[in-house]
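First comes the structure, then the notes that go with it.
The values are calculated or read from the model by the stated rules, or taken from the named source; none is laboratory data. The model shown is predicted, which means the values in this text are computed figures rather than measured ones. A quick note on method: Cβ atoms are made from the backbone with ideal geometry, for glycine too, and the neighbour counts reach across all protein chains shown.
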Amino acid sequence: MNLEDLRASGSAVVTVAEAASVFGVDVRTVTRAIENGELPVVRLGRRVLIPRLPLLAVLGVAVDDAVGGLHDSSAGGR
């Protein structure tokens, strides 16, 4: 996964391995950043996932440009 893949993704979260790929670092480096509180995470059981929009913000990407896939059009403006 690269930055463009991350921006285009409709997923709300990415794995630690995907985040490491985007940053161009080892998985252990991302794990240390999580342990140090440098990256926000969502924990589901033993799984550790990183929210996509905060990750883009950490990378300095304008979040408004990347939210296209996350809007729920079925809400009808509610």
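Quick notes on this one:
- Selection count where residues are part of a helix (DSSP H, G or I), over 18 Å from M1 (Cα atoms) and modelled with pLDDT of 95 or more, scope segment 24-68: 4
- Residues located in segment 1-23, provided they are under 13 Å from V63 (Cα atoms) and either among the polar types (S, T, N, Q) or at pLDDT 90 or above (or both): S9, A12
- Cβ-Cβ under 8 Å pairs, at least 6 apart or on other chains, segment 7-34 side of a type in the set (D, E, K, R), far side exposed (fewer than 15 other Cβ atoms within 10 Å of the Cβ): R7/D65; E18/M1
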